[in-house]
Amino acid sequence: RKGSVIITGASSGLGLATAKALAETGKWHVIMACRDFLKAERAAKSAGMSKENYTIMHLDLASLDSVRQFVDSYKQSGRPLDVLVCNAAVYQPTAKEPSFTAEGFELSVGTNHLGHFLLSRLLLDDLKQSDYPSKRLIIVGSITGNTNTLAGNVPPKANLGDLRGLAGGLNGLNSSTMIDGGELDGAKAYKDSKVCNMLTMQEFHRRFHEETGITFASLYPGCIATSGLFREHIPLFRLLFPPFQKYITKGFVSEDEAGKRLAQVASDPSLTKSGVYWSWNKASASFENQLSQEASDQEKARKIWEVSEKLVGLA
Ligand code: NDP
């Protein structure tokens, strides 16, 4: 049978390119889990994906009710689940005021981390039950959350502190909107959310890999400077960022190439190692990369897991 893969945020950028790459092999049925149905349908059509290779399902990660409804509909569809790719994200580098999810969590961490945390937890059993030869849960990370890299050292740096803001619910009322309890900073909130993504992947690995055989992995696909992620940045930044990444840092990667990389992590028989953070060298070969100290801190990973369980109503 064909493999079944869910990709969140498959309506643009990396998620769409990955959906296309997997669909084209003819070996995968791609469930595009998107908040905007029409946009996703148009994107799939213009990417040339053929109808029998994909299904669009509604998922708004900024609402935990929507996450639960998505999971219920998926279970009811009777489809097996072989691979889950947590790819969607929001980035609000110029936000002066915080925005919030339906439950009142600051939007970047609420969407990128908490929405995916609940989704992954609720779908873990389905992955477990799959009889597919290699079942995987992939969470897209980022270099910007890794303070052991040049890009990760561009201020504001990721820093989760003692998690006091997260523990308080990131609501801006009786707690800060930032995980570390600091002042709102949209770029930092995004980086913090990516550190949570990378820590969550490792905590899944420690808790469930041996028992379930599921591969848990994360990756940095390269800088996709042309993707929609930078849509809220100032126009001058959007003009200069792609050539800067192409010619100065040489970290630039096209959406197509990044999609192939994520598709590899999701399906390539040689990338089955669990608990790993993948990156690619200049020759586009994958290698296991090192995470920064904070992004590999086991104690923090455990605490984030426990606090997040409470926030999403699992504990
Ligand atoms: P895009 O902005 O192009 O794609 C983000 C996707 O997430 C869109 O499909 C968007 O939907 C979706 N999304 C946002 N909010 C929600 C929500 N509440 N519910 C459901 N879906 C939502 O950015 P990229 O393709 O660049 O980003 C994809 C991933 O890659 C992210 O995890 C990002 O952190 C990561 N990444 C990106 C890098 C880059 O250089 N661009 C580098 C490293 C990692 P919609 O189309 O409706 O807006």
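The values are calculated or read from the model by the stated rules, or taken from the named source; none is laboratory data. Quick caveat: nothing in here was measured; it's all calculated off a predicted structure. FYI the Cβ positions are ideal-geometry reconstructions off the backbone, even for glycines, and counts take in every protein chain you see. Accessible surface is based on the protein model in full, side chains and every heavy atom, while ligands, DNA and RNA are left aside. Shrake-Rupley method; radii C 1.70, N 1.55, O 1.52, S 1.80 Å.
Counting only whole DSSP H helices of the chain, the ones at least 15 Å long by C-alpha along their axis and with mean Kyte-Doolittle hydropathy no lower than -1.0 are 13-24, 64-77, 116-129, 255-267.
With the charge dipole of the range 38-102 set up from +1 on Lys and Arg Cβ and -1 on Asp and Glu Cβ about the Cα centre, the Cα lying farthest toward the positive end among the listed residues 54, 73, 100 is that of 54. Any chance you could tell me what percent of the C-alpha pair distances in the chain go past 33 Å? Beyond 33 Å sits 17 percent of the P(r) for the chain. Multiplying the residue separation of residue 240 and residue 72 by 0.36 nm and removing their Cα-Cα distance gives an extension gain of 56.1 nm.
Surface composition of the range 1-62: carbon plus sulfur atoms contribute 55% of the solvent-accessible area (1.4 Å probe, protein chains only, all chains present).
A 1.4 Å probe over all protein chains sorts 208, 37, 287 by accessible area into 37, 287, 208, starting with the largest.
About the centre of its Cα atoms, the range 186-315 shows a dipole size close to 420 debye [charges on the beta carbon of Lys, Arg (+1) and Asp, Glu (-1) only; nearest 20 debye].
Within the straight-line cut-off of under 20 Å between alpha carbons, the lysines reachable from residue 2 are 20, 27, 51, 75, 128, 135, 260, sequence neighbours fewer than 8 places apart in one chain being disregarded. Judged by the ratio a/c of the largest to the smallest principal axis of the C-alpha gyration tensor, the range 158-223 counts as oblate, that ratio being 1.5 or greater while a/b is no larger than b/c.
Please identify which residues in the range 286-315 have an amide N closer than 18 Å to a label point set 7 Å out from the Cα of residue 174, following the Cα→Cβ vector. Under 18 Å, as judged by backbone N against the label point of residue 174, lie 307-308, 310-313 of the range 286-315. Karplus-derived 3J(HN,Hα) values for the range 214-231, using 6.51 cos²θ - 1.76 cosθ + 1.60 with θ = phi - 60°, are 6, 8, 10, 8, 9, 7, 10, x, x, 8, 8, 5, 8, 6, x, 4, 9, 4 Hz; glycine and proline are entered as x. Placing a label point 7 Å from the Cα of residue 1 along the Cα-to-Cβ line, the residues of the range 53-77 whose backbone N sits under 19 Å from it are 53-57, 71-77. Taking a straight Cα-Cα cut-off under 16 Å and skipping sequence neighbours fewer than 8 places away in the same chain, the lysines within cross-link reach of residue 188 are 96, 157.
Length gained on full extension, residue 102 to residue 315: 74.7 nm, using 0.36 nm per residue less the C-alpha separation.
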